[in-house]
Amino acid sequence: MTVDLTAPVVTATSTRRRQEWPFYLSAAVIVLAVIAAVLAPLVAPYSPSQTDFAALWQPPSATHWLGTDQLGRDILSRVIHGARPSLLGAIALLAVATVLGVLIGITAAWKGGWVDTALSRITDVMFAFPGLLFVVLVIAVFDRGQVTSVLGMALAYAPAIAKFTRSIALEEMARPYVDAYRLQGVGGAVLCGKYLLPNLLPTLVGYLVVLFGEGLMSLASLNFLGFGSQPPSSEWGLMVQEGRTGVIQGIVGPALIPGLTIAIVVVATNVVGVRLSDKLAVRK
Amino acid sequence: MSVLAVDKLGKTFPGRRGQQPVVAARDISFLVEAGGSLGVVGESGSGKTTVARMLVGLTSPDQGKVMVEGRETSKPERGRAARLRRAREIQMVFQDPYTSLDRRLSVESCLRDVLNRHRPELAKAQAAAEIGNLLDQVGLASKLTASRPHELSGGQRQRVAIARALAVRPRVLVLDEAVSALDVSVQAKILTLLNELRAALGIALVFVSHDLAVVGEVTDRILVMYRGDDVEQNATAELLRRPRHPYTQMLLSSAPGPGWQPERVAELRAAFALTEGRS
C-alpha cells in the first residue's frame with residue numbers, strides 16, 4: 001500500500017477554520033464599514049453632496065465605480081459617507097436602549113416583589129406594541145428628524161433588552177457568589193453595578209451585537225419612510241428612498257447599492273453576534 | 001458565654017397553587033459557645049439549609065430570633081455600616097464550590113476585595129501579607145494567587161471560599177453542606193482544617209450536612225432535623241453512641257460503613273414510619 005505524502009493534512013484546527021469563514025468574512029465587513037465611517041472624507045473619491053448635472057443616472061464606469069444618482073452624485077462616495085450616520089444612528093439607538101433596558105431589567109430582577117411585577121407589566125405592554133408604530137407616534141408628537149427617530153426607536157428596543165437582562169440576571173443571582181457578596185455587606189447598587197453586571201456582560205454583548213443589526217435595519221426603514229434623516233444626508237435608508245424614482249425608469253443601482261449595503265452589514269453583524277454569543281457562552 | 005443563640009426559629013413557605021404551605025423550620029433553638037461547634041443534620045428537605053440561611057440573614061424567619069454576641073442578626077440591616085458589622089458577626093460557606101466564587105476574580109482579587117471593604121486601614125503591602133496569611137491558614141499554595149476559579153480544583157475552591165469568609169474575621173461561621181461536593185480525601189482535609197481553625201481562631205461553627213459521619217468529625221453537639229422539626233439534640237459522642245429518636249437511629253444506620261445492614265435500615269424506616277404515624 002502506498003501513502004500519498006503530498007496530500008494535505010486535514011486537522012481539527014484546519015476544519016474548524018474552514019467552518020469559521022463566514023465569521024471572519026462578516027468581521028471583515030464590519031471592520032470595513034467602521035473604517036469607511038471613520039475615514040470617509042479621506043477614502044471617498046468625491047464629496048457626497050457634489051452634484052454633476054451632466055452625469056445623471058450614470059451606470060458604473062471608471063470615473064464613478066458604482067455610478068451616479070438622480071443629481072449626478074457619486075454613489076460610492078455617498079455609500080462611504082453614509083456609513084457614518086447609519087452606524088452612528090444604530091450605535092446611539094443601542095446605547096440609549098441598553099442603558100434603559102439594563103437598568104430596568106436588573107432593577108426588576110434585584111428588587112423582585114411588586115417592583116418586578118410593575119416593571120415587568122410595563123415592559124410587557126411596551127413589548128406588545130409594534131416598534132415601528134410606536135416610533136411613528138413619537139415622531140408625530142416630537143416632529144421628524146434623526147434624533148427623534150433614534151430616541152423613539154431606543155424606547156421601542158428597551159423593553160426587549162430589559163426582559164433579556166432580567167432573565168439572565170435572575171439566573172446569575174441564583175449563584176451563591178451573589179449571596180456571598182451580600183453576606184460581606186455589599187449593598188444592592190454596588191453589587192448590581194460592580195459584580196453582577198460584569199458577569200452578565202458576556203451574554204449581553206452577543207445579544208446586543210445581533211440587536212445592532214436589527215437596529216440598523218429599523219432606522220434605515222424609518223429613513224426610507226421619511227421619518228428620520230433628511231436630505232442631503234447620505235444615510236443608507238434615505239439613499240434607497242431617493243433611488244426609488246430610478247427603479248421606475250429601469251435604473252436600479254442608486255436604490256439597490258445602499259439596500260445591499262444595509263443587508264450585507266446586517267447579515268454580518270448577525271453572524272458575528274451569534275458566533276460571539278457561542279464563544280462567550282463556552283468560556284463562561 | 002454563648003456566641004450564637006438561636007431562639008424558636010420558624011419559617012413556613014407558601015405552598016404552590018393549590019398545595020399546602022411547607023413548614024421548613026419550627027421552633028428551632030440552640031446555643032453555640034465561642035470555639036464550639038454544632039452540627040445540623042437531616043435528609044434532603046428537612047429544613048437544614050433554611051435554618052442556615054436564616055442564621056446569616058439571607059432568609060428572614062417568620063418567628064424567633066438569632067443573636068450573635070447578644071445582638072439580633074435575623075432582621076435585615078439598613079446602611080453600609082450596619083451591613084459590614086453584620087458581616088463581621090456571621091459568615092457562610094456554600095455547598096457548591098463551582099458557583100460560590102466570582103468567576104471573574106483571581107484568588108488574590110477575591111480576597112483583596114474583602115480586605116478593602118472590611119479592613120481599609122491595611123496598606124497595600126499589609127493586605128498582601130494578610131492574603132498570604134489567609135492562604136496559609138486554609139492550606140493553599142501562594143502560587144495559586146493569580147488563579148481564577150476555573151483553574152482550581154473543587155477542594156481548592158472551597159478553601160478559597162473559607163479564606164474569603166475568614167478574611168472578614170467573623171465570630172460565627174456557617175457551613176452549608178460545605179464538603180458534600182468534594183471527594184472523600186479532600187473532605188477529610190477540609191474537616192481537619194476546620195477543626196484547626198476553630199481551635200486557633202475561636203470561631204463558632206455551625207456545620208450543616210446530611211452526612212452524620214462527617215458532622216461527627218467536626219462538631220461538639222448535633223441537632224437532628226426532620227421535616228422542619230428539631231427531633232433530637234445532644235452532645236455528638238452521646239448522640240452517635242445512643243441515638244434516642246427513631247429518625248436519628250435510621251440516619252445512623254443509613255450511613256454506609258463497616259457493619260452496614262441494608263435490611264436493618266429498611267426495618268428502622270418502617271419503625272420510624274409507624275412512630276410518625278402515631279404522633
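The values are calculated or read from the model by the stated rules, or taken from the named source; none is laboratory data. Nothing here was measured: the structure is a model prediction, and the numbers come from that model. Neighbour counts run over all protein chains shown; Cβ positions are idealised from the backbone, glycine included. Ligands, DNA and RNA are excluded from the accessible area calculation, which covers all protein heavy atoms including side chains. Shrake-Rupley method; radii C 1.70, N 1.55, O 1.52, S 1.80 Å.
Among the DSSP beta bridges whose two residues both lie in the protein assembly as shown, what percent are antiparallel, rounded to the nearest 5? Show your work: numbers first, answer last.
Numbers: 22 of 41 bridges.
Here the antiparallel bridges make up roughly 55 percent for the protein assembly as shown.
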Checklist entry - From the square roots a ≥ b ≥ c of the eigenvalues of the alpha-carbon gyration tensor of chain A, which class results: rounded (a/c under 1.5), prolate (a/b over b/c), or oblate? => result oblate
Checklist outcome for this item: Taking N as the number of residues in the stretch B:111-176, the ratio of its alpha carbon radius of gyration to 2.2 N^0.38 Å works out to 1.09
Next on the checklist: No solvent, one uniform scatterer per C-alpha: report log10 I(q)/I(0) for the stretch B:159-202 via the Debye equation at q = 0.22, 0.23, 0.32, 0.33 1/Å, two decimals.
Outcome noted: -0.79, -0.85, -1.35, -1.37
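Percent relative contact order of the stretch B:1-129, based on C-alpha pairs within less than 8 angstrom and at least six residues apart? Walk me through the numbers before you get to the answer.
Values: 152 pairs, mean separation 28.0, N = 129.
This gives 22 percent for the stretch B:1-129.
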Checklist entry - Do the sum for chain B: with -39,500 (n - 2.57) for every DSSP H run of n ≥ 4, divided by all residues, what is the mean residue ellipticity at 222 nm, to the nearest 500 deg cm²/dmol? => result -13000 deg cm²/dmol
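Could you tell me which of rounded, prolate or oblate describes the stretch B:1-128, using a ≥ b ≥ c as the square roots of the eigenvalues of the alpha-carbon gyration tensor, with rounded for a/c under 1.5 and, failing that, prolate when a/b is larger than b/c and oblate otherwise? Working shown, then result.
Values: a/c = 2.10, a/b = 1.60, b/c = 1.32.
Prolate.
Can you bin the stretch B:146-250 into rounded, prolate or oblate? Criterion: square roots of the alpha carbon gyration tensor eigenvalues sorted a ≥ b ≥ c, rounded for a/c under 1.5, prolate for a/b above b/c, oblate for the rest. If you can, show how the numbers build up before the last one.
Working: a/c = 2.28, a/b = 1.79, b/c = 1.28.
Since a/c reaches 1.5 and a/b is larger than b/c, the shape of the stretch B:146-250 is classed as prolate.
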Next on the checklist: If I model the stretch B:13-68 as equal point scatterers sitting on the Cα atoms and use the Debye formula, what is log10 I(q)/I(0) at q = 0.20, 0.30 Å⁻¹?
Outcome noted: -0.84, -1.43
Next on the checklist: From the helices alone, meaning DSSP H stretches of at least four residues, give me the mean residue ellipticity at 222 nm for chain A, per-run term -39500 (n - 2.57), in deg cm²/dmol to the nearest 500.
Outcome noted: -25000 deg cm²/dmol
Checklist entry - So, in chain B, how many Lys pairs have Cα atoms under 24 Å apart, if the pair is 8 or more places apart or on different chains? => result 12
Checklist entry - Non-local amide H neighbours of A:L66 (under 5 Å, H modeled in plane, Pro and chain starts lacking H): which ones? => result A:S61, A:I75, A:L76
Item to check | Estimated vicinal HN-Hα couplings, Hz - the stretch A:189-200 in sequence order (Karplus 6.51, -1.76, 1.60; Gly, Pro = x) | outcome: 5, 5, 4, 5, x, 8, 10, 6, 4, x, 6, 8
Next on the checklist: At 25 °C and a viscosity of 0.890 mPa s, what translational diffusion coefficient does Stokes-Einstein give for the stretch B:185-232, taking Rh as the Kirkwood radius over Cα pairs? Give it in µm²/s as a whole number.
Outcome noted: 207 µm²/s
Checklist outcome for this item: The relative contact order of chain B, taking Cα pairs under 8 Å that sit 6 or more residues apart, comes to a percentage of 24 percent
Next on the checklist: Based on alpha-carbon centroids, what's the gap between the stretch A:128-153 and the stretch A:242-258 in Å, whole number please?
Outcome noted: 27 Å
Checklist entry - Once the whole set of protein chains is in place, how much accessible area is left on B:R148, using a 1.4 Å probe, in Å² to the nearest 10? => result 100 Å²
Checklist entry - Percent relative contact order of chain A, based on C-alpha pairs within less than 8 angstrom and at least six residues apart? => result 22 percent
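Have a look at the DSSP beta bridges in chain B and tell me what percent are antiparallel, nearest 5. Present the calculation step by step, with values, prior to reporting the outcome.
Numbers: 21 of 40 bridges.
In chain B, DSSP labels about 50 percent of beta bridges as antiparallel.
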Item to check | 5 angstrom amide H check on B:Q63, placed H, neighbours 5+ away | outcome: B:G10
Checklist entry - Once phi is turned into ³J(HN,Hα) by the Karplus curve 6.51 cos²θ - 1.76 cosθ + 1.60 with θ = phi - 60°, what whole-Hz value does each residue of the stretch B:190-201 show in order, with x for glycine and proline? => result 5, 5, 4, 4, 5, 4, 5, 5, 4, 5, 6, 9
Next on the checklist: What does the net charge come to around B:A25 if you take all other residues with beta carbon closer than 12 Å to its beta carbon, with K and R at +1 and D and E at -1?
Outcome noted: +2
Checklist entry - Once the other residues with Cβ under 10 Å from the Cβ of B:S180 are scored (Lys, Arg +1; Asp, Glu -1), what is the net sum? => result -4
Next on the checklist: Based on the alpha-carbon set only, what is the convex hull volume of chain B divided per residue, in Å³?
Outcome noted: 153 Å³
Next on the checklist: Give me the base-10 log of I(q)/I(0) for the protein assembly as shown at each q in 0.06, 0.11 Å⁻¹, Debye formula, one uniform scatterer per Cα, rounded to two decimals.
Outcome noted: -0.48, -1.03
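Give me the orientation-averaged projected area of the Cα convex hull of the stretch A:164-284, in nm², one decimal. Kindly include the intermediate steps, with their values, before the conclusion.
Working: hull surface 39.6 nm².
Mean orientational projected area (the stretch A:164-284, Cα hull): 9.9 nm².
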Item to check | Rounded tilt (10° steps) of A:146-173 against the dominant C-alpha axis of chain A | outcome: 30 degrees
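Which order do A:M217, A:M173 take by accessible area at a 1.4 Å probe, largest first?
Values: A:M217 90, A:M173 35 Å².
Sorted descending by solvent-accessible area, the residues read A:M217, A:M173.
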Checklist entry - So what are the ³J(HN,Hα) numbers for the stretch B:147-153, from phi and the Karplus equation (6.51, -1.76, 1.60; θ = phi - 60°), rounded to whole Hz, Gly and Pro as x? => result 6, 9, x, 5, 8, 10, 7
Checklist entry - Highest GNM mean-square fluctuation, chain A, Cα pairs closer than 10 Å: which of A:A180, A:A83, A:A28? => result A:A180
Item to check | Helix B:80-89 vs. chain B, principal-axis angle (Cα, 0 to 90°, nearest 10) | outcome: 60 degrees
Item to check | Under-5 Å amide H pairs with B:V3, H placed in peptide plane, nonlocal only | outcome: B:V32, B:E33, B:A34
